[in-house]
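Engineer: One structure coming up, written as structure tokens, with questions to follow.
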Amino acid sequence: MAEYFFDLSASLIIICLIFAFYLNKYQRMSINRIALVSMIFLFDSAIAGVFFCITKYTVFAVFASIFSPLCLGMLLIYIYKSCAYKIVRLVVIFTVILPVLLAVATGVASCFIDNEVIWWTSKIANILLVMFGTFYLIRFRENTAIERIFLLTLAYFMVISSYVVSLVMPHIDYEAFAISILMAQIFLGLRNPDELYDVNTGLMGIEGFRDIIRKRLAYIEKNPDQHMYIVTLSLHGLDSFAKLMGDKNSTLHWMDVVTELTRFTHIASLYRIDKGLYVFILEKGDRDEAEYVMRKLDERMKLPFGRDDYEANVQYTLSIIDAPEMADSLTSVLNAVKMIALEGEKKNLNIIRYEDLDFDLEKRLRETEEKVRNAVADGKLEVFYQPIYSAKEKRYVSAEALIRLHDGDNFISPELFIPVAESNGYVVEIDDFVIQQVCKMIAGRKIEKLGLKYIELNLSGSDMIQGDLAEKLQRFIRMYSIHPSQLNLEITETSADAFTGIVEDNVIKLSHMGFNFSLDDFGTGYSSLSRVIMLPFDIIKLDKTIVQPPFMLEDEVERENARKLLESSVEMVSRVGAKMVAEGVETKEQFEALEKLGVDHIQGYYFSRPLPEAEFINVVKEMNKKAL
Ligand code: C2E
Ligand code: MG
Ligand code: MG
């Protein structure tokens, strides 16, 4: 009896410790610790259960009775920590803590006192726990993979059958063991809620945010009169701030900010979804409360943050997202948060309103990104060619390769998808495809025989900063046995602006190898002509935005000014000694005026639109047959 008592008191001490731990330090109790403790209980109860089956020693039954419900309780706390609804948390407390206490008390008592009421109460408490476990698993089923649901069903079957067995054949007791197996399944079946937390701040992180948004949107879909309000706070200039303050101070500083933010957690749950990106989801779908949080945050953020020896202001942008009004899916909510941060930083606004944002563009960009991602693999890309006419030689002398992205019967404009591809990095793959297609065309169609000296290719900034660009081009021209002078590489004024380091190395290397360069879109960037002269460009392409206005503007004065700008640009470029191509020439009038100004190369719809390869070859043959 003494030894029973010893074991029992040891167990009770553990229980007391755990509950003290839970009650005092719950907020800081890490998920990992909960998981660890529940795993220990799990193994203890499994071992005790097995030993009890074999030896029939009451002490093992005591252990199993204590550890099984405790373990289940800990697991449910583990679930509790991952739920963002306050109401669910309360339900967890009432449905978990009470049955756990009941199960432990009656389980222990039933080992010593042979009383049917106690025995039944213990069984009912266990069944209640199993039921609640099932309820939470169903509620969190999105976190559970299908094969795990299968294993869980098996485990539940074991538990239920163990009750039946213990009723029919009381001498065989595998109940504790079965419950252990069930708990192991629940444990393995759940996604690790640590993923839901942000390690830097201890706040809920992006995964938690995704979960809650999905659930709330599903709820709103069923209840169309409901709204969800999200207050977003984006902090700007974090990197330069860290440089200024040093890493340690700046971390302390952000923790101060976070502490301030947690003041609102009684009405809104707070998430840190990215560096410098905080969001509050209002517990109740109440616009006024959202406005209140935003106003209070605005007042606080205007004041400096800091400790004794330093103080600094934080650049920030606040906004309110109304779902489903402004965003009706997880992706659109996330995009809205990002757009608010970007726009706010760009326009230097502390508060930004829905009306200020261009969501149509955002939606189009998102769809485009999807299409760009698989464009090369799906064979959705095609290279078109637009011939370039020489006024002097009266024939086509070159052409520009322009990429087309098929979208059903239409094309998505490169004006739209190239910037998207540039920002997500796919442009390099796209341009590799274009380079290869162009090399193949040059070799296969023997363009020199058609009278074409070279084909112009657009390279983006991302291509130009590749360390192996020269080697790659070298490889392509060798593969197709073409000469580098048959390719002319177009770079835009803006990417030429960043003409340092690796870009410069690439240009020099490629020039030495015999490639020529064009400066594309001249007149749209901000670089000075003096800088342009320094660079080895053979051709300067006048952009359509300076070519067209002298012929299109309604207002006479404006038209005259545009004409002067065009004339002086042409004059400057010819003084530099570079060849010139005028882009966007659409009418006879434009062509003749440019010819008069001395612009030799003309590209534009007046001569031809960009065409698929075969059509382009025919058009060139037709024109050059007459001329040659
Ligand atoms: P860009 O290099 O300045 O190309 C000239 C653009 O002007 C082409 O637009 C062409 O179709 C258009 N254009 C030609 N003649 C006329 C005309 O008479 N009137 C008007 N309104 N437009 C004319 P596109 O094909 O839509 O390409 C847009 C831009 O996308 C290109 O501007 C270039 O910067 C980029 N791009 C196109 N293909 C590629 C590519 O393969 N790689 C990369 N990195 N960028 C490309
Ligand atoms: Mg171009
Ligand atoms: Mg251009």
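The values are calculated or read from the model by the stated rules, or taken from the named source; none is laboratory data. Predicted model only: the values in this text are computed from it and were never measured. Counting neighbours? That spans all protein chains shown, and the Cβs are built from the backbone with ideal geometry, glycine included.
Okay, residues lined up against (1) free of Cβ contacts under 8 Å to residues at least 60 places away in the same chain; (2) assigned to a loop (DSSP other than H, G, I, E, B); (3) under 19 Å from the mean Cα position of the chain (by Cα):
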{"site": "Asn335", "(1), (2), (3)": "yes, no, yes"}
{"site": "Glu343", "(1), (2), (3)": "yes, no, yes"}
{"site": "Lys346", "(1), (2), (3)": "yes, no, no"}
{"site": "Arg364", "(1), (2), (3)": "yes, no, yes"}
{"site": "Glu369", "(1), (2), (3)": "yes, no, yes"}
{"site": "Val372", "(1), (2), (3)": "yes, no, yes"}
{"site": "Gly379", "(1), (2), (3)": "yes, yes, no"}
{"site": "Glu382", "(1), (2), (3)": "no, no, no"}
{"site": "Ile388", "(1), (2), (3)": "no, no, no"}
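Engineer: Exactly one of these conditions fails for Glu615: (1) more than 16 Å from ligand 2 (Cβ to nearest atom); (2) in contact (Cβ under 8 Å) with a residue 12 or more places away in the chain; (3) farther than 18 Å from Glu393 by Cβ. Give me its number.
Structural biologist: Every condition holds for Glu615 apart from (2).
Engineer: So, one more: Can you name every residue in segment 221-237 that is out of contact with any Gly (no Cβ under 8 Å at 6 or more places or on another chain), over 30 Å from Ala312 (Cα atoms) and surrounded by 14 or more Cβ atoms within 10 Å (Cβ to Cβ)?
Structural biologist: Result: no residue meets the conditions.
Engineer: Residue check, Val293 against (1) outside any helix (DSSP H, G or I); (2) modelled with pLDDT of 70 or more, all met but one. Which one?
Structural biologist: Only one criterion in (1) outside any helix (DSSP H, G or I); (2) modelled with pLDDT of 70 or more is unmet by Val293, namely (1).
Engineer: Within the bounds of segment 185-198, is there any residue that is among the aliphatic types (A, V, I, L, M), in contact with a helix residue (DSSP H, G or I) (Cβ under 8 Å, 6 or more places away or on another chain) and modelled with pLDDT of 70 or more? So that I can check it myself, show each step before the final result.
Structural biologist: First, pick out the residues of segment 185-198 that are among the aliphatic types (A, V, I, L, M): 186, 188, 190, 196.
Now restrict to residues that are in contact with a helix residue (DSSP H, G or I) (Cβ under 8 Å, 6 or more places away or on another chain): 186, 188, 190, 196.
Filter once more, so that each one left must be modelled with pLDDT of 70 or more: none.
Taking every residue of segment 185-198 in turn, none turns out to be among the aliphatic types (A, V, I, L, M), in contact with a helix residue (DSSP H, G or I) (Cβ under 8 Å, 6 or more places away or on another chain) and modelled with pLDDT of 70 or more.
Engineer: For segment 390-417, enumerate the residues that are on the phi < 0 side of the Ramachandran plot, free of Cβ contacts under 8 Å to residues at least 40 places away in the same chain, under 27 Å from the mean Cα position of the chain (by Cα) and more than 16 Å from ligand 3 (Cβ to nearest atom).
Structural biologist: Leu405, His406, Asp407, Phe411
Engineer: Now for a separate question. Please state which of the following conditions Ser495 fails to meet, knowing it meets all the rest: (1) surrounded by 14 or more Cβ atoms within 10 Å (Cβ to Cβ); (2) within 16 Å of ligand 1 (Cβ to nearest atom); (3) modelled with pLDDT of 85 or more.
Structural biologist: Unmet for Ser495, out of (1) surrounded by 14 or more Cβ atoms within 10 Å (Cβ to Cβ); (2) within 16 Å of ligand 1 (Cβ to nearest atom); (3) modelled with pLDDT of 85 or more: (3).
Engineer: Does segment 571-591 contain any residue that is in the same structural domain as Pro387 (by TED's automatic domain parsing), crowded, with 19+ Cβ neighbours inside 10 Å, away from ligand 1 (no atom under 14 Å from the Cβ) and more than 15 Å from Ile540 (Cβ to Cβ)?
Structural biologist: Checked against the condition, which is being in the same structural domain as Pro387 (by TED's automatic domain parsing), crowded, with 19+ Cβ neighbours inside 10 Å, away from ligand 1 (no atom under 14 Å from the Cβ) and more than 15 Å from Ile540 (Cβ to Cβ), segment 571-591 yields no hits at all.
Engineer: Going by the structure shown, is Val620 buried (at least 19 other Cβ atoms within 10 Å of the Cβ) and touching a Gly at 6+ places or on another chain (Cβ under 6 Å)?
Structural biologist: no
Engineer: In segment 510-558, which residue that is of a type in the set (Val, Ile, Thr), surrounded by fewer than 21 Cβ atoms within 10 Å (Cβ to Cβ) and more than 12 Å from ligand 3 (Cβ to nearest atom) is modelled with the highest pLDDT?
Structural biologist: The extreme case among them is Val557.
Conditions tested, residue by residue: (1) over 33 Å from the mean Cα position of the chain (by Cα); (2) more than 16 Å from ligand 3 (Cβ to nearest atom); (3) among the basic types (Lys, Arg).
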{"site": "Leu450", "(1), (2), (3)": "yes, yes, no"}
{"site": "Lys453", "(1), (2), (3)": "yes, yes, yes"}
{"site": "Glu456", "(1), (2), (3)": "yes, no, no"}
{"site": "Gly467", "(1), (2), (3)": "no, yes, no"}
{"site": "Gln474", "(1), (2), (3)": "yes, yes, no"}
{"site": "Ile482", "(1), (2), (3)": "yes, yes, no"}
{"site": "Gln486", "(1), (2), (3)": "yes, yes, no"}
{"site": "Leu489", "(1), (2), (3)": "no, no, no"}
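Engineer: In segment 498-509, which residue that is assigned to a helix (DSSP H, G or I) and modelled with pLDDT under 75 is surrounded by the most Cβ atoms within 10 Å (Cβ to Cβ)?
Structural biologist: Ile502
Quick grid of which residues meet (1) in contact with a Leu (Cβ under 6 Å, 6 or more places away or on another chain); (2) within 16 Å of ligand 1 (Cβ to nearest atom); (3) at pLDDT 95 or above:
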residue: Lys564; (1), (2), (3): no, no, no
residue: Ser569; (1), (2), (3): no, yes, no
residue: Ala593; (1), (2), (3): no, yes, yes
residue: Asp600; (1), (2), (3): no, no, no
residue: Pro610; (1), (2), (3): yes, yes, yes
residue: Lys626; (1), (2), (3): no, no, no
